[in-house]
Amino acid sequence: MRVNGSYLAEFLLEKGYEIYGMHRRVSVDNYFDRVEYLKGKIKLVCGDLTDIGSLDKVIREIKPDDIYNLAAMSQVRVSFDQKFLTKEINWLGVERLIDTIKEYTQNTKFYQASTSEMFGEVLEIPQNEKTPFNPKSPYAKAKLKAHEAVERERENGLFGCCGILFNHESPRRGLEFVTRKFTDGIARIKLGLPQRETGKTYLEMGNLDAKRDWGYAKDYVKAMWLMLQKDKPDDYVIATGINHSVKEFIELAAGYVGIKINWKGEGINEEGYDKNGKLIIKIDPKLFRPTDVNQLLGDSTKARNELGWEPKVSFEELVEMMVKSDIDKLKGK
């Protein structure tokens with residue numbers, strides 16, 4: 001239970017919920033660092049979506065009123081290298097979880113974290129709940145299978161909602177994700193530190209032209225909760241309705257620390273320099289996805305009208321928040 005789960009736990013604690021967070025066993029010492037402050041406030045239970053026995057035990061003993069499934073193999077690029085694991089967790093794990101709900105606690109309300117990546121190479125802009133799905137990655141294809149499983153079981157009586165969430169970021173985002181790579185990388189350039197993975201003085205990037213609808217994770221967990229408060233389950237797109245390119249994100253992040261990027265070249269030969277002519281951004285073709293999604297833009301009209309939800313934090317505020325957090329972390333504050 002990490003990142004989005006920590007924001008969701010905070011939100012539910014404020015609502016007076018008793019919370020159980022399921023986690024799988026790992027050998028990394030700092031696995032719980034980002035949720036350390038929640039210990040004593042929530043109960044952690046060990047389980048795994050790939051293990052039906054552990055799911056049975058958790059659901060049978062707790063009999064939860066609500067289940068929020070935010071677990072996934074969540075890195076799109078890695079899913080091309082780990083296709084079977086991605087399918088096992090992101091699709092079949094959800095099937096197992098639904099089966100345990102049907103077996104032990106039929107009245108449980110279930111939230112499934114779907115994804116805008118299911119729209120893939122988009123067939124219309126913007127994307128809403130009626131837009132056809134066209135997934136391009138193993139990650140998105142497995143998520144779509146899970147989404148369809150919830151829809152199928154909803155017809156058989158499951159109170160299941162799918163949140164089709166567009167990109168939702170925060171300072172708690174893992175460093176393995178591209179937005180934290182941006183903000184951590186810019187913070188390192190500002191402080192004169194080498195890049196975390198490469199040790200180089202410049203930040204290596206992939207596709208600068210990809211556009212995403214980026215929102216704040218803390219805003220989005222409220223939408224998850226609102227879905228389960230409805231009398232009738234349904235699916236909802238959760239998005240800001242504004243998208244920005246990767247290049248815009250990195251330019252904004254740099255701007256917050258006083259760096260103006262001067263771009264030279266085109267395509268994979270494009271490079272970014274600071275005012276002194278020092279190279280700070282370089283394209284690495286190896287960082288491109290095998291098949292990339294060029295543009296995602298969400299239409300959350302249904303959620304705004306039926307749930308009364310709307311995002312509070314702007315794109316500009318989000319990027320500033322993330323850069324400031326990474327500066328502080330690197331300074332040891």
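The values are calculated or read from the model by the stated rules, or taken from the named source; none is laboratory data. Quick caveat, the model's predicted, so the values are computed rather than measured. Backbone-built Cβ (ideal geometry, glycine too); neighbour counts: all protein chains shown.
Each residue in the range 64-90 was checked for being in a helix (DSSP H, G or I), surrounded by 20 or more Cβ atoms within 10 Å (Cβ to Cβ) and out of contact with any Pro (no Cβ under 9 Å at 6 or more places or on another chain), and 1 pass.
Evaluate the range 80-91: report whether one residue or more is of a type in the set (A, V, I, L, M) and either on the phi > 0 side of the Ramachandran plot or without any contact (Cβ under 8 Å) to a residue 24 or more places away in the chain (or both). If you could, list the steps in order and put the result at the bottom.
The first filter runs over the range 80-91 and keeps only residues of a type in the set (A, V, I, L, M), leaving 85, 89.
Keeping just the survivors that are either on the phi > 0 side of the Ramachandran plot or without any contact (Cβ under 8 Å) to a residue 24 or more places away in the chain (or both) gives 85.
Within the range 80-91, one or more residues are of a type in the set (A, V, I, L, M) and either on the phi > 0 side of the Ramachandran plot or without any contact (Cβ under 8 Å) to a residue 24 or more places away in the chain (or both).
For residues that are over 19 Å from ILE59 (Cα atoms) and among the β-branched types (Val, Ile, Thr), scanning just the range 103-134, find the one that is surrounded by the fewest Cβ atoms within 10 Å (Cβ to Cβ). I'd like the intermediate steps shown before the answer.
From the range 103-134, those over 19 Å from ILE59 (Cα atoms) are 114-134; that's our starting set.
Next cut, among the β-branched types (Val, Ile, Thr) only: 115, 122, 125, 131.
Numbers: THR115: 25, VAL122: 18, ILE125: 13, THR131: 19.
My answer is ILE125.
None of LYS109, LYS63 is in contact with a Gly (Cβ under 9 Å, 6 or more places away or on another chain), closer than 30 Å to GLU18 by Cβ and among the basic types (Lys, Arg) except LYS109. ARG304 passes every criterion in (1) touching a residue at least 24 places away in the same chain (Cβ under 8 Å); (2) surrounded by 13 or more Cβ atoms within 10 Å (Cβ to Cβ) apart from (1). Flag not set for ASP328, criterion: of a type outside the set (Val, Ile, Thr) and either in contact with a strand residue (DSSP E or B) (Cβ under 7 Å, 6 or more places away or on another chain) or touching a residue at least 60 places away in the same chain (Cβ under 8 Å) (or both).
Suppose we keep only residues that are touching a residue at least 60 places away in the same chain (Cβ under 8 Å) and in a loop (DSSP other than H, G, I, E, B) within the range 242-273. Which one would you say is farthest from TYR216 (Cα to Cα)? The selected residue is GLU270. Among the residues of the range 161-169, is any part of a loop (DSSP other than H, G, I, E, B) and touching a Lys or Arg at 6+ places or on another chain (Cβ under 9 Å)? Checking the range 161-169: at least one residue is part of a loop (DSSP other than H, G, I, E, B) and touching a Lys or Arg at 6+ places or on another chain (Cβ under 9 Å). Pick from the range 161-192 the residues that are within 28 Å of GLY120 (Cβ to Cβ), in contact (Cβ under 8 Å) with a residue 24 or more places away in the chain and among the hydrophobic types (A, V, I, L, M, F, W, C): which of them is surrounded by the fewest Cβ atoms within 10 Å (Cβ to Cβ)? Looking at the filtered set, the residue picked out is PHE177.
Kindly establish whether ASP284 is of a type in the set (Asp, Glu) and at pLDDT below 95. Judged against the criteria, ASP284 is a match.
Is it true that ASP209 is charged (D, E, K, R), under 13 Å from SER300 (Cβ atoms) and in contact (Cβ under 8 Å) with a residue 24 or more places away in the chain? Please lay out each step first, then the result.
On the way: charged (D, E, K, R): yes; under 13 Å from SER300 (Cβ atoms): no; in contact (Cβ under 8 Å) with a residue 24 or more places away in the chain: yes.
Taking the combined requirement at face value, the residue does not satisfy it.
Looking at LYS102, LYS63, LYS136, can you tell me which residue is touching a residue at least 40 places away in the same chain (Cβ under 8 Å), over 27 Å from ILE242 (Cβ atoms), touching a Ser or Thr at 6+ places or on another chain (Cβ under 9 Å) and not polar (S, T, N, Q)?
On the way: LYS102 fails: touching a Ser or Thr at 6+ places or on another chain (Cβ under 9 Å); LYS136 fails: over 27 Å from ILE242 (Cβ atoms).
Just one listed residue meets the conditions, LYS63.
Each row is one residue, and each column tells you yes or no for (1) more than 16 Å from PRO138 (Cα to Cα); (2) at pLDDT below 95; (3) under 21 Å from the mean Cα position of the chain (by Cα).
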residue	(1), (2), (3)
PRO64	yes, no, no
ASN69	yes, no, yes
MET73	no, yes, yes
VAL76	no, yes, yes
SER79	no, yes, yes
LYS87	no, no, yes
ARG96	yes, no, no
TYR104	yes, yes, no
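Going by what's in this entry, would GLY277 be described as within 29 Å of GLY192 (Cβ to Cβ), of a type in the set (Gly, Ala, Ser) and surrounded by 17 or more Cβ atoms within 10 Å (Cβ to Cβ)? The answer is no for GLY277.
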